[in-house]
Amino acid sequence: MNISFEISTQTPATRRSKFDSFGCLPDEFSRYGVHYRLAQRTGMAAIFELRYRPGLKGPIIGWDVVLLVRRPERAKNATRWENTSKIIERFPSPEQWGSLGWSFDRLESAQRKLQEVSA
């Protein structure tokens, strides 16, 4: 089976222009010692490649398919955290893994899951 792979051409700034009131998840970020890079996105569903090092230096260690979560941004007030009026995109929490996020070792499997959850 031959499956093509394209890096998203949308930048966070491009997506932000479509959703002015939303804070979009960046195309690249690090979390839990792993570097995530957006590979493909369809609406609120996305595939991220995982590496131990930022950029294209380290080997790909896997692929995550996620349904991004939107929630109010939180800001620290003088004594407590409060929700703001701005809505931001978030990666699913570890507790949501299995229902909003899935891990794969092959790109083809991740692309099939992306098609499934995007339908």
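The table below lists the values:
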| read-out | value |
| --- | --- |
| Residues with amide H under 5 Å from that of Ile87, placed H, sequence gap 5 or more | Gly23, Glu73 |
| Inter-site label distance for Phe29 and Ile88 at 7 Å from Cα along Cβ, in nm | 0.7 nm |
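Just so you know, all these numbers are worked out from the coordinates, no wet-lab data involved. These numbers come from a predicted model, not from an experiment. With ideal geometry, Cβ positions are generated from the backbone for all residues, glycine too; neighbour counts draw on all protein chains shown.
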